[in-house]
Structures are given as C-alpha cells and as structure tokens.
Amino acid sequence: MRNRLLYITLTLVILVIVLIVAISFYPRNNINNFSSCAEAGYPVMESYPRQCNYNGRTFVEEISWENDGVTLKKIPNGDYACFGCGRTMCIDPISGLEDVEETESLHCDEDFNIVEK
C-alpha cells in the first residue's frame, strides 16, 4: 500500500513537471514584428525609430513616407513644402497652407525632401 501511494505521488509530480515545461515552451503570443509587440502591451522604447522589447528580442518600427511624421503642404505660389518632425529636426508650418494628401507618387520623405515619381 505504501509503495503504491509513493508510485502514484511520484507519477503525479512527474506529470506536473512535464506540464509546466510544456506550457513554458508553448508560444503564448504570435509576436513577430514591432506592431504585434506594441499591441500586446510590451515595452516600447521612445527612440527613433521606436523599438519594442519582447522576451529578449527587439523589434524595430519600420518608418516609411506614410508614418514618418512629415506632411506635405501646398504653399500659395503653387509649390509644395514638407513640414513636421522628421528624423533629425522639426519644421513648423505657417498658417494658410493647404494640406495635400500624400501618395506613393508625391510625398515627403523623413528628411523633408519632396519625392515625385
């Protein structure tokens, strides 16, 4: 009887250990890029570009003309100019400038250059 109880207890302990190990290796989240890391609530470093840290891995935010913080505006003489905060500086617009919707063929890059394709 005593050996049987010991055998059952030992079996249960082994099963619990196997379960704990299996759960620790099972991926809980599908974290594989900056967006999924930030959306899951992991720490985001306020650098440029921003970085998110998950389980010892660092994911870097990809910056493109669509999210670089620099916007295109039309000035009264018909020319275009770039305003906002880029990689190295901020340029504030004056009032009265017309907002222009940026497209792949006409947009500002992060260095305040107008890109026309």
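The values are calculated or read from the model by the stated rules, or taken from the named source; none is laboratory data. On a predicted model such as this, the values are computed, not experimentally measured, just so you know. Virtual Cβ from ideal backbone geometry, glycine too; neighbours counted across all protein chains shown.
I'd like the residue in the stretch 69-100 that is acidic (Asp, Glu) and touching a strand residue (DSSP E or B) at 6+ places or on another chain (Cβ under 8 Å) and, out of all such residues, is surrounded by the fewest Cβ atoms within 10 Å (Cβ to Cβ). Here the residue is Asp92.
One line per residue, one yes/no per condition, for (1) within 11 Å of the chain's Cα centre (by Cα); (2) at pLDDT below 90; (3) of a type in the set (S, T, N, Q); (4) not assigned by TED's automatic domain parsing to the domain that holds Leu106:
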| residue | (1), (2), (3), (4) |
| --- | --- |
| Phe34 | yes, no, no, yes |
| Gly41 | yes, no, no, yes |
| Val44 | yes, no, no, yes |
| Gln51 | yes, no, yes, yes |
| Trp65 | no, yes, no, yes |
| Gly78 | no, yes, no, no |
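Is there a residue being modelled with pLDDT of 90 or more and among the basic types (Lys, Arg) anywhere in the stretch 86-102? No: zero hits.
Exactly one residue among Leu106, Leu97, Leu72 is in contact (Cβ under 8 Å) with a residue 24 or more places away in the chain and touching a His at 6+ places or on another chain (Cβ under 8 Å), and that residue is Leu72. Restricted to the stretch 1-105, the set of strands (runs of 3 or more DSSP E) holding at least 2 residues that are closer than 20 Å to Glu116 by Cα comprises 70-74, 80-85. Any residue at all in the stretch 2-25 that's of a type outside the set (Lys, Arg) and under 27 Å from His107 (Cα atoms)? No, the stretch 2-25 contains no residue that is of a type outside the set (Lys, Arg) and under 27 Å from His107 (Cα atoms).
The single condition among (1) part of a loop (DSSP other than H, G, I, E, B); (2) closer than 30 Å to Cys37 by Cβ; (3) over 21 Å from the mean Cα position of the chain (by Cα) that Glu110 does not satisfy is (3).
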